[in-house]
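Novice: Got a structure for you, written out below as structure tokens; questions coming shortly.
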Amino acid sequence: MTELALTHHAQARMRQRGFKEEDADLVYRVGTRVADDAFLLTDKDAARAIRKRKQEIQQLERLRGSQVIVEGETLITLYHATQRTRRSHRKSWRHL
């Protein structure tokens, strides 16, 4: 869902122009403000967002299989879980 409230006019024009709600949201979040009421997704904005997402993908690949243990809002530990530790923790968490 978009951060912006959509008018009926906006919904109709987006359908006509082939845009999705997520498209408007992305331009709004990542684009450059060019006026009080307007945002433009420039080549530079797109390149920066793509670079950031590529870094996030690399981080996800590196963290695959990691496990975070929390108590409430407090981080207790973070580690690379093996199949054995994943199973043992899952079993103990079921009883909580």
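The values are calculated or read from the model by the stated rules, or taken from the named source; none is laboratory data. Quick caveat: nothing in here was measured; it's all calculated off a predicted structure. Glycine also receives a Cβ, built like all others from the backbone with ideal geometry; neighbour counts cover every protein chain displayed.
Novice: If you take the residues in the range 28-72 that are under 30 Å from T82 (Cα atoms) and in contact (Cβ under 8 Å) with a residue 12 or more places away in the chain, which one is surrounded by the most Cβ atoms within 10 Å (Cβ to Cβ)?
Specialist: Taking the range 28-72 as the starting set, the residues that turn out to be under 30 Å from T82 (Cα atoms) are 52-72.
Imposing the further condition that a residue be in contact (Cβ under 8 Å) with a residue 12 or more places away in the chain reduces the set to 65-67, 69.
Working: G65: 11, S66: 11, Q67: 15, I69: 13.
In this case the residue turns out to be Q67.
Novice: Among the numbered conditions (1) out of contact with any Phe, Trp or Tyr (no Cβ under 7 Å at 6 or more places or on another chain); (2) outside any helix (DSSP H, G or I), tell me where F39 comes up short.
Specialist: So F39 meets the others, but not (1).
Novice: Touching a Gly at 6+ places or on another chain (Cβ under 8 Å) and modelled with pLDDT of 95 or more, is that true of L63?
Specialist: Spelling it out, it is not the case that L63 is touching a Gly at 6+ places or on another chain (Cβ under 8 Å) and modelled with pLDDT of 95 or more.
Novice: Looking only at the range 57-83, which residues are assigned to a strand (DSSP E or B) and small (G, A, S)? Don't jump to the end; show me each part of the working.
Specialist: Taking the range 57-83 as the starting set, the residues that turn out to be assigned to a strand (DSSP E or B) are 66-71, 74-80.
S66 - this is the single residue of the range 57-83 that is assigned to a strand (DSSP E or B) and small (G, A, S).
Novice: Considering each residue of the range 7-27, count those that are exposed (fewer than 14 other Cβ atoms within 10 Å of the Cβ) and either more than 25 Å from K52 (Cα to Cα) or outside the structural domain of I50 (by TED's automatic domain parsing) (or both), and give that number.
Specialist: Final tally of qualifying residues: 10.
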